[in-house]
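Notes to accompany the following structure.
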Amino acid sequence: MANIRVIENECVGCEACVDACPFGVVSMSNGIAVIGEGCNMCSACVDACPAGAIVMEKTEQPVQEREEEASGVWVFAEQRGGKIAGVVHELLGEGKKLAQALGQPLAAVLLGSDVSSRVPELAASGADIVYVADHPSLAMFSDDPYADVFARLIREEKPDIVLFGATSTGRSLAPRIAARLKTGLTADCTGLSIDPESRLLLQTRPAFGGNIMATIRCRYRKPQMATVRPKVMKRATPDTSRVAAVRQVWVDVDALRMRVKIDEFIEEAGEVVNLEDADIIVSGGRGLGDPKHFSLIEELARTLGGAVGASRAAVDAGWIPYSHQVGQTGKTVCPKVYIAVGISGAIQHLAGMQSSDIIVAINKNPDAPIFQVATYGIVGDLFQVVPKLTEEFRRAMAE
Ligand SMILES: Cc1cc2nc3c(=O)[nH]c(=O)nc-3n(C[C@H](O)[C@H](O)[C@H](O)COP(=O)(O)OP(=O)(O)OC[C@H]3O[C@@H](n4cnc5c(N)ncnc54)[C@H](O)[C@@H]3O)c2cc1C
């Protein structure tokens, strides 16, 4: 833990710290600086103080002390219009393993209006407990009320770990809750496990542009919070015989902050590339050489009933819209078959597709890194290979 302290007899009363504090929590009292409530330890005041009168002190808090209180692995059961997001089932599958390693229960936290009917689905995916906050004011996702209800529940129940899907909803909600609870949050994890010695959550995610995988621990605060992208974890087979204990969460409407009023929800119009749900994806990269050659990819994808993906190089070149991009800064996909055409297999691309069941790589360079993750590799010129493959598949499908 860290603490910021003012050494009173060294404070010169210059007020530099008051001006420097981005959160406005430093004030003066009798000519001496005072650090108030809401300090987030950014240390701007420490840097600004010309007299060295403000110091940051680090104190180690033994992990054991906090562990006695915190228990439970929680998953945010994100839903829209009553439909549970796919990533929730993936997180429950992963959460079950974490809960078993810790000997703790697995819980889903369901917020919404008229959503109680979703409980059996969450139980089937592994939840032992489902916390249900069912209220009309939670009908549509909004940061403030959702964060208020969720953060209060965490304060009351003290879970050990809380997981969110790295969807636009999860990415908006999780940091707000983490900030309210003054705990850490690791975004976009690709691996989660429990350290057998410290019993802390090991949160693995790409760092430095995907060039290394960093494993992060939240040592001093609970709950340990993480977001995980859809399709990174495998969904467990549902067991419909499972039953979860339901805990109704009281929603104190008067205490909810409602700074945003949602008038209506409008579905995005236009082409929607549902890469994340596709069973077969054919992706094209810079090896295509020209945007018009994406027609080869589209034809193969259409023949197989699949979707079209792309590397960032192809997207950056303006050959295809960003919604098709697969990889660290695009979509994470996990289809049954992923066909990479003219894609070298940079680590940032692999980060978005390497958990696909079958990977087929077509590349003229036998040393291309994509072959290291490929189930089947075809070394050859894509302009010869792809039309032949399309033709063969078309014939086979017709038969
Ligand atoms: C922070 C960061 C985030 C990134 N995020 C992403 C991301 O989300 N997704 C992503 O894809 N990339 C991402 N990148 C970029 C990534 O590093 C690579 O630059 C990119 O993936 C390369 O795309 P490519 O494989 O299509 O092109 P290249 O690396 O140029 O590969 C082209 C391949 O085509 C082959 N080829 C050429 N002609 C033919 C032919 N006629 N027949 C067969 N094969 C042929 C070549 O042998 C080569 O292997 C990111 C990079 C950074 C730094």
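The values are calculated or read from the model by the stated rules, or taken from the named source; none is laboratory data. Just so you know, these numbers come straight off a predicted model, no measurement behind them. Here the Cβ positions follow ideal geometry from the backbone for every residue, glycine too, while neighbour counts run over all protein chains shown. To get the accessible areas, we keep the full protein, side chains included, count just its heavy atoms, and leave off ligands, DNA and RNA. Shrake-Rupley method; radii C 1.70, N 1.55, O 1.52, S 1.80 Å.
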**OP:** Go through (1) hydrophobic (A, V, I, L, M, F, W, C); (2) within 26 Å of VAL87 (Cα to Cα); (3) open to solvent by 40 Å² or more (accessible area, probe 1.4 Å) one by one and return the number of the condition ILE378 breaks.
**Re:** (2)
Original post:
Would you call ILE339 modelled with pLDDT of 95 or more, open to solvent by 30 Å² or more (accessible area, probe 1.4 Å) and farther than 17 Å from MET233 by Cα?
Top reply: no
**OP:** Could you tell me which numbered condition ILE280 fails, if it satisfies all but one of (1) within 21 Å of ILE370 (Cα to Cα); (2) open to solvent by 60 Å² or more (accessible area, probe 1.4 Å); (3) away from the ligand (no atom under 16 Å from the Cβ)?
**Re:** (2)
Subject >> Scan of segment 297-316 for residues that are within 16 Å of the ligand (Cβ to nearest atom), closer than 17 Å to VAL333 by Cα and of a type outside the set (A, V, I, L, M), ordered by number >> reply: GLY309, SER311, ARG312
**OP:** Identify the single condition in (1) near the ligand (Cβ under 9 Å from one of its atoms); (2) part of a loop (DSSP other than H, G, I, E, B); (3) modelled with pLDDT under 95 that GLN348 does not satisfy, given that it satisfies every other one.
**Re:** (2)
Original post:
On the given criteria, is ILE362 part of a strand (DSSP E or B), farther than 24 Å from ASP188 by Cα and either of a type in the set (A, V, I, L, M) or more than 22 Å from the chain's Cα centre (by Cα) (or both)?
Top reply: yes
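Table: residues versus (1) farther than 30 Å from ARG312 by Cα; (2) among the acidic types (Asp, Glu); (3) open to solvent by 10 Å² or more (accessible area, probe 1.4 Å); (4) in contact with a strand residue (DSSP E or B) (Cβ under 6 Å, 6 or more places away or on another chain).
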| residue | (1), (2), (3), (4) |
| --- | --- |
| ALA99 | yes, no, no, yes |
| GLY103 | yes, no, yes, no |
| PRO136 | yes, no, yes, no |
| PHE141 | yes, no, yes, no |
| SER168 | no, no, yes, no |
